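See below for the structure under consideration.
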Amino acid sequence: MTGNIWKFSDQLDIEDLEFGRRDFITYKLGVEYYGLSPKVFTKLAWESGAVYKLNKKVLIKREILEEHLRNLMRKGEFDYGDEEEE
């Protein structure tokens, strides 16, 4: 295995391995995989600068998004919940 994924091989399943092979993901796939609400996932994708628009299709560069999530986790600034709407 390439990278550091081998360190966690006992914790991964087929879904994780298939997801790890993708360079770009869609909003729908990201929401399902990360378990975030669409609003929170969209906000994080745009904050990270990982959003690429190709005509009408929007793709998120997984590597950039995950680096942004790791940085937020290190700083303790990552909020899993959806923002309260008034």
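The values are calculated or read from the model by the stated rules, or taken from the named source; none is laboratory data. Note that this is a predicted model, so its numbers are computed, not measured. Virtual Cβ from ideal backbone geometry, glycine too; neighbours counted across all protein chains shown.
At-a-glance table
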{"quantity": "L44, sole failed condition from (1) assigned to a strand (DSSP E or B); (2) under 14 Å from L69 (Cα atoms)", "calculated": "(1)"}
{"quantity": "Any pair with Cβ under 8 angstrom, 6 or more apart, that starts in the range 72-84 at a residue that is modelled with pLDDT under 60 and part of a loop (DSSP other than H, G, I, E, B) and ends at one that is charged (D, E, K, R) and surrounded by 10 or more Cβ atoms within 10 Å (Cβ to Cβ)", "calculated": "D82/K39; E83/K39"}
{"quantity": "Per-region count, the range 36-45, residues in contact with a helix residue (DSSP H, G or I) (Cβ under 9 Å, 6 or more places away or on another chain) and surrounded by fewer than 17 Cβ atoms within 10 Å (Cβ to Cβ)", "calculated": "2"}
{"quantity": "Complete set of residues in the range 25-47 that are at pLDDT below 90, touching an Asp or Glu at 6+ places or on another chain (Cβ under 9 Å) and within 13 Å of F78 (Cβ to Cβ)", "calculated": "L36"}
{"quantity": "Of the criteria (1) out of contact with any Leu (no Cβ under 9 Å at 6 or more places or on another chain); (2) among the polar types (S, T, N, Q); (3) surrounded by 12 or more Cβ atoms within 10 Å (Cβ to Cβ), which one S48 fails", "calculated": "(1)"}
{"quantity": "Residues of the range 51-66 satisfying the condition of being assigned to a helix (DSSP H, G or I) and surrounded by 14 or more Cβ atoms within 10 Å (Cβ to Cβ)", "calculated": "R62, I64, L65, E66"}
{"quantity": "Scope the range 15-35; condition part of a helix (DSSP H, G or I) and either surrounded by 12 or more Cβ atoms within 10 Å (Cβ to Cβ) or hydroxyl-bearing (S, T, Y) (or both); matching residues", "calculated": "D16, L17, F19, G20, Y27, L29, G30, V31, E32, Y33, Y34"}
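A quick yes/no check of all residues on (1) among the small types (G, A, S); (2) in contact (Cβ under 8 Å) with a residue 24 or more places away in the chain:
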site	(1), (2)
G30	yes, yes
S37	yes, yes
L44	no, yes
K53	no, no
K56	no, no
R70	no, no
